[in-house]
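Report on the following structure.
The values are calculated or read from the model by the stated rules, or taken from the named source; none is laboratory data. Note that the structure is a prediction, hence the values are computed from the model and not measured. Glycine gets a Cβ as well: all are built from the backbone with ideal geometry, and neighbour counts include every protein chain shown.
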Amino acid sequence: MSVKALDPLDLYDIRSEISEDEAMVKDSVARFVDDRVIPVMREAFEKHEFPGHLVSEVAELGLLGSSISGYDCAGLNSVSYGLICQELERGDSGLRSFVSVQSSLVMFPIHAYGSEEQRQRWLPAMAKGEAIGCFGLTEPHGGSDPGNMKTHAKRDGDDWILNGSKMWITNATIADAAVVWAMTGEGVKGFIVEKDMPGFDAQEIENKFSLRASVTGALFFDNVRVPKENVLPGVSSLKGPLSCLTQARYGITWGVIGAAQACLDEVLGYTKDRVLFGRPVDHTQTMQIRLADMSRRITTAQLLSLRLGRLKDKGEMTPAQVSLAKWNNCRAALDIARDARDILGGSGISAEYVPIRHMLNLESVITYEGTETVHQLVVGKELTGVNAFG
Ligand SMILES: Cc1cc2nc3c(=O)[nH]c(=O)nc-3n(C[C@H](O)[C@H](O)[C@H](O)COP(=O)(O)OP(=O)(O)OC[C@H]3O[C@@H](n4cnc5c(N)ncnc54)[C@H](O)[C@@H]3O)c2cc1C
């Protein structure tokens, strides 16, 4: 029996498990990331700047709202969306975060819960990258407990008056529209707040050590008058924002695989060339164990995400399954990035090598969209039937 050489970044040949269409999506995004994203990300990260010129390019490739059918969106399946996230995050978590927020946290709720007028107004513009969105759920006093929401809105004739603030919001200061979740007398509602509405302000959070190539900010609402046309009619409970997070978390499970693959790729090359004690360092047993362990974690993460994607496409994916994969895959990617940083020795602290940038980014990715603890407790609740959050 002849033994086929394995791709070190795809040891279980996941490639052969995806359809031709899915492979085409993956390859076209991979080419874009190699040609257009990787060459600019190091500088964008160092300068703490979002590479805004890439927005029209990701739009051109059909990567914004790619799971939506109609409204100028690509109508791709869930595995394709996952592969898009994986390839983008191989470049940088910042650009993947932009695409996740625009697609899963802004376009998804407008499509799922919005009126036909809201869909027509926002979705084609957002698919083309002509309008940018952000998603305001987290508040300064504690994102893990969104039920304790202080931002509120009251009816005033046909309008709503919105007060409160949101913290750690991706795209905050570059957004044309913010989907903001607020408590009302009728439950939690979603409001499309437009950037020039009086009383609305967005401020950038500066000096981050993580996701430096992504915009993060705070939103403030001081008696913002929101017309009823800007309220999402289809949802009046926390189920609204939580269903958006399920979409985005699914994409994250794939995205972090890309970051981990970039780190493994870097150290496979480095340890081959680095000669210590008279032999390349990849000839040692301990180094091979460390590299093998990275491959084990990447393979496990790939299998989880692919299975999750197939379940999602059948309409069978559950939030607890997403939590398990978000927890596992983020932890795996962060541990790989930290170990890859160490394997590079002193060079590992230099921006010339990718692991430290991915490592710093992944500190955000493991925290946002539900911290590791939150996802562990979701799985624990599924197993025991007991809610241990409180
Ligand atoms: C770069 C970045 C971008 C973000 N983008 C967005 C965005 O676009 N929109 C948005 O709405 N939010 C966004 N977030 C917010 C993110 O989702 C929150 O930071 C996250 O949910 C955690 O909330 P928190 O920071 O308030 O931490 P807290 O909720 O205060 O948690 C603090 C600690 O307590 C732990 N903890 C929580 N509950 C329990 C418990 N029951 N038992 C034991 N320990 C517990 C947590 O795991 C954590 O370690 C972003 C965050 C970052 C860093």
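The set of residues in the range 110-138 being within 22 Å of the chain's Cα centre (by Cα) and either part of a helix (DSSP H, G or I) or on the phi > 0 side of the Ramachandran plot (or both) consists of Ile110, His111, Ala112, Tyr113, Trp122, Leu123, Pro124, Ala125, Met126, Ala127, Gly129. Go through the range 1-39 and give me each residue that's at pLDDT 95 or above and of a type in the set (Ser, Thr, Tyr). Across the range 1-39, the qualifying residues are Tyr12, Ser16, Ser19, Ser28.
Candidates in the range 331-372 are the residues that are surrounded by 13 or more Cβ atoms within 10 Å (Cβ to Cβ) and β-branched (Val, Ile, Thr); of these, the one that is farthest from the ligand (Cβ to nearest atom) is Ile343. State yes or no: is Arg225 surrounded by fewer than 23 Cβ atoms within 10 Å (Cβ to Cβ) and either of a type outside the set (Lys, Arg) or closer than 30 Å to Gly185 by Cβ (or both)? Judged against the criteria, Arg225 is a match. Considering only residues that are of a type in the set (Gly, Ala, Ser) and part of a strand (DSSP E or B), look in the range 167-189 and name the one that is nearest to the ligand (Cβ to nearest atom). Top of the filtered list is Ala178. Listed by first and then second residue, the pairs linking a residue in the range 362-390 that is under 27 Å from Cys263 (Cβ atoms) to a residue that is of a type in the set (D, E, K, R) and near the ligand (Cβ under 10 Å from one of its atoms), with Cβ atoms under 6 Å apart and 6 or more places separating them unless they lie on different chains, are Ile366/Glu372.
When Ala5, Ala23 are checked against the criterion of being part of a helix (DSSP H, G or I) and surrounded by fewer than 18 Cβ atoms within 10 Å (Cβ to Cβ), a single residue qualifies: Ala23.
Of all the residues in the range 119-130, those that are surrounded by 21 or more Cβ atoms within 10 Å (Cβ to Cβ) and not aromatic (Phe, Trp, Tyr) number 3.
Restricting attention to the range 10-31, does a residue exist that is within 23 Å of Glu130 (Cα to Cα) and without any contact (Cβ under 8 Å) to a residue 40 or more places away in the chain? Checked the range 10-31: at least one residue is within 23 Å of Glu130 (Cα to Cα) and without any contact (Cβ under 8 Å) to a residue 40 or more places away in the chain. Between a first residue in the range 54-65 that is acidic (Asp, Glu) and a second residue that is part of a helix (DSSP H, G or I), which pairs have beta carbons less than 8 Å apart while being 6 or more apart in sequence or on different chains? Close Cβ pairs (under 8 Å, with a partner that is part of a helix (DSSP H, G or I)) amount to Glu57/Phe32; Glu57/Arg36. Inspect the range 238-245 for any residue being small (Gly, Ala, Ser) and within 23 Å of the chain's Cα centre (by Cα) and give the result as yes or no. Yes, the range 238-245 has at least one match. Restricting the range 292-315 to residues that are among the charged types (D, E, K, R) and over 20 Å from Arg90 (Cα atoms) leaves a set whose member that is surrounded by the fewest Cβ atoms within 10 Å (Cβ to Cβ) is Lys314. Checked against (1) among the hydroxyl-bearing types (Ser, Thr, Tyr); (2) in contact with a Ser or Thr (Cβ under 8 Å, 6 or more places away or on another chain); (3) within 16 Å of the ligand (Cβ to nearest atom), Ser305 passes all but condition (3).
Yes/no matrix, rows are residues, columns are (1) over 21 Å from the mean Cα position of the chain (by Cα); (2) within 15 Å of the ligand (Cβ to nearest atom); (3) outside any strand (DSSP E or B); (4) surrounded by fewer than 16 Cβ atoms within 10 Å (Cβ to Cβ):
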{"residue": "Pro140", "(1), (2), (3), (4)": "no, yes, yes, yes"}
{"residue": "Gly143", "(1), (2), (3), (4)": "no, yes, yes, no"}
{"residue": "Asn148", "(1), (2), (3), (4)": "yes, yes, yes, yes"}
{"residue": "Arg155", "(1), (2), (3), (4)": "yes, no, no, yes"}
{"residue": "Ser165", "(1), (2), (3), (4)": "yes, yes, no, no"}
{"residue": "Pro198", "(1), (2), (3), (4)": "yes, no, yes, yes"}
{"residue": "Arg212", "(1), (2), (3), (4)": "no, yes, yes, no"}
{"residue": "Leu219", "(1), (2), (3), (4)": "no, yes, no, no"}
